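Notes follow the structure.
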Amino acid sequence: LVVFSMSLAGCTAPAQQTDSLRDFVSVQGTTFVLNGEPYRFAGANMWYGAYLGAPGELGDRERLLRELDLLQSYGINNLRVLAASESSELMRAVRPAIVENAEGDLNESLLQGLDFLLAEMAKRDMKAVLYLNNFWQWSGGMSQYVAWFTGEPVFDPDVTGRWNPFMQNSARFYRLPEAQALYRQVIESVLTRVNSVNGVAYNRDATIMSWQLANEPRPGSDAEGRPNYPHFEAWVHDTAGFIKALAPHQLVSTGNEGAMGTLGDAALFERSHASDNIDYLTFHMWIKNWSWFDVTRAEQTYEAAWEKARAYMQTHMAIADRLNKPIVLEEFGVERDAGVFARGSSTEYRDRFYGQVYDFIEHNAEADGPFAGSNFWAWGGFGKTERADFMWQPGDDFFGDPPQEPQGLNSVFSDDTSTLELIKAHAQRLQ
Ligand SMILES: O=C1NC[C@H](CO)[C@@H](O)[C@@H]1O
């Protein structure tokens with residue numbers, strides 16, 4: 001298939017793309033297919049990939065190239081990356097942002113960063129999962145859209161400490177027509193962008209496996225979110241349909257956490273992911289965030305935490321089988337021992353957890369189950385900080401931990417060899 005599409009920017013050289021359709025990841029029942037073969041992957045989260053790829057002072061292309069080579073050497077060949085952030089007064093939102101204002105002006109440097117990242121991933125036969133919004137505050141996200149189109153000040157959970165009202169406020173996004181119009185404008189701009197490095201149109205680039213509606217979109221807070229659910233379900237179906245029309249060769253997923261991301265109700269997760277516009281299921285698993293595991297009481301809490309994790313994975317395997325769709329655990333992680341952030345500190349419980357998750361995935365794969373891959377949260381590579389509070393400030397290195405969390409909380413660094421060897425062995429067994 002030779003696909004040509006003229007660039008809309010004044011008919012410059014046509015965006016050329018010679019990928020055959022086989023180069024795109026597709027879905028057959030509960031299996032991903034790539035180049036005619038089943039595709040299962042050991043991946044990573046690298047939210048900051050476009051930021052690192054940006055030209056000039058903002059990015060660090062030398063670091064990015066070293067990190068992509070290191071990831072490839074460990075068999076990590078699928079990266080989940082932030083593809084839209086919004087300029088915001090939110091205290092812990094990353095700066096600068098891709099969407100600069102309510103008019104939808106886009107930061108060309110950051111988009112050139114995404115261009116560079118995708119072009120370099122293509123050279124390494126890596127696949128990208130790109131999310132186009134965020135339910136949380138660390139990239140502006142849905143709550144910034146709400147502020148833009150209600151005229152209300154941002155509702156900042158890092159100032160108020162009140163998460164339920166923040167989640168309910170973010171969920172207003174689904175029902176604000178002007179917010180949805182800008183969101184779709186951004187989606188169309190990104191999906192039809194022609195990569196400034198290799199001339200490939202994003203929606204014809206086989207490097208991009210999947211477009212994701214958002215990072216961890218939820219209907220609202222567990223306590224008060226149920227009335228929002230119908231709007232959430234309609235938003236999933238309609239937005240995914242909009243994306244599929246723009247990118248018929250690529251997959252669409254939600255970025256949802258699973259039952260814990262649908263008010264704790266697995267039936268709502270199943271219903272909202274039954275849409276034909278959703279090609280595969282995603283789920284996330286946070287044994288610390290969900291208070292299953294306490295790193296300061298690791299020995300006392302780990303076994304029970306693992307049992308809950310195993311049950312959570314089994315629940316979602318059953319849903320994937322019923323919906324006949326592949327499923328990816330696209331976020332899981334745990335802190336370093338004793339909750340220490342510093343590079344070089346021990347990761348005994350992290351390695352134990354990763355090893356047990358990978359073992360579960362491999363057993364499911366051996367039984368031809370729907371568990372098609374995973375992305376650990378998160379790759380921190382060569383990131384370093386001197387900050388006493390470990391909190392990110394503009395101009396600092398990027399870590400796998402976004403700006404709202406201590407830099408080092410969940411990051412797997414370039415010298416976390418025990419963890420990286422675990423991932424490499426898993427990747428090899430998957431192949
Ligand atoms: O998407 C996410 N899920 C959990 C991460 C770690 O707490 C968090 O940093 C991110 O917002």
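Structure values in brief
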{"item": "Filter result for Phe149 (buried (at least 18 other Cβ atoms within 10 Å of the Cβ), within 30 Å of Lys424 (Cβ to Cβ) and either modelled with pLDDT under 95 or away from the ligand (no atom under 16 Å from the Cβ) (or both))", "result": "no"}
{"item": "Ile278 being part of a helix (DSSP H, G or I) and in contact with a strand residue (DSSP E or B) (Cβ under 8 Å, 6 or more places away or on another chain)", "result": "no"}
{"item": "Checking Gln144 against (1) touching a Ser or Thr at 6+ places or on another chain (Cβ under 6 Å); (2) under 18 Å from Leu79 (Cα atoms), the condition it does not meet", "result": "(2)"}
{"item": "Test: residue in the range 77-89 that is of a type in the set (A, V, I, L, M) and over 20 Å from Val197 (Cα atoms)", "result": "no"}
{"item": "Members of the range 125-138 found to be within 15 Å of the ligand (Cβ to nearest atom) and either farther than 18 Å from Arg184 by Cβ or hydrophobic (A, V, I, L, M, F, W, C) (or both), listed by number", "result": "Val129, Leu130, Leu132, Phe135, Trp136, Gln137, Trp138"}
{"item": "Any helices (runs of 4 or more DSSP H) falling wholly within the range 18-131 and containing at least 1 residues that are open to solvent by 10 Å² or more (accessible area, probe 1.4 Å) and more than 26 Å from Thr419 (Cα to Cα)", "result": "108-123"}
{"item": "Any hit, the range 209-226, residues being hydrophobic (A, V, I, L, M, F, W, C), part of a strand (DSSP E or B) and surrounded by 21 or more Cβ atoms within 10 Å (Cβ to Cβ)", "result": "yes"}
{"item": "Counted residues, the range 369-405 - those being under 24 Å from Asp359 (Cβ atoms) and hydrophobic (A, V, I, L, M, F, W, C)", "result": "6"}
{"item": "Every residue from the range 324-341 that is away from the ligand (no atom under 16 Å from the Cβ) and open to solvent by 40 Å² or more (accessible area, probe 1.4 Å)", "result": "Asn324, Ala338, Val340"}
{"item": "Number of the exception - Trp392 against (1) within 16 Å of the ligand (Cβ to nearest atom); (2) within 30 Å of Ile319 (Cα to Cα); (3) hydrophobic (A, V, I, L, M, F, W, C)", "result": "(2)"}
{"item": "So Ser139, is it open to solvent by less than 10 Å² (accessible area, probe 1.4 Å) and in a loop (DSSP other than H, G, I, E, B)", "result": "yes"}
{"item": "Subset tally (residues that are closer than 20 Å to Asp351 by Cβ and open to solvent by 10 Å² or more (accessible area, probe 1.4 Å)) for the range 364-390", "result": "1"}
{"item": "Selection status of Glu386, without any contact (Cβ under 8 Å) to a residue 40 or more places away in the chain and either more than 16 Å from the ligand (Cβ to nearest atom) or in contact with a helix residue (DSSP H, G or I) (Cβ under 9 Å, 6 or more places away or on another chain) (or both)", "result": "yes"}
{"item": "Test for Asp401: is it in a loop (DSSP other than H, G, I, E, B), acidic (Asp, Glu) and open to solvent by 30 Å² or more (accessible area, probe 1.4 Å)", "result": "no"}
{"item": "Residue list for the range 281-310, filter: in a loop (DSSP other than H, G, I, E, B) and crowded, with 21+ Cβ neighbours inside 10 Å", "result": "Ile287, Phe293"}
{"item": "Subset of the range 250-279 (residues that are within 16 Å of the ligand (Cβ to nearest atom) and free of Cβ contacts under 8 Å to residues at least 12 places away in the same chain)", "result": "none"}
{"item": "Residue within the range 114-124 that is within 23 Å of Val186 (Cβ to Cβ), modelled with pLDDT of 95 or more, touching a Gly at 6+ places or on another chain (Cβ under 9 Å) and within 16 Å of the ligand (Cβ to nearest atom) present", "result": "no"}
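The values are calculated or read from the model by the stated rules, or taken from the named source; none is laboratory data. A quick note: this is a predicted structure, and the numbers were derived from the prediction, not measured. With ideal geometry, Cβ positions are generated from the backbone for all residues, glycine too; neighbour counts draw on all protein chains shown. Areas reflect the complete protein model, heavy atoms only, side chains present, ligands, DNA and RNA absent. Shrake-Rupley method; radii C 1.70, N 1.55, O 1.52, S 1.80 Å.
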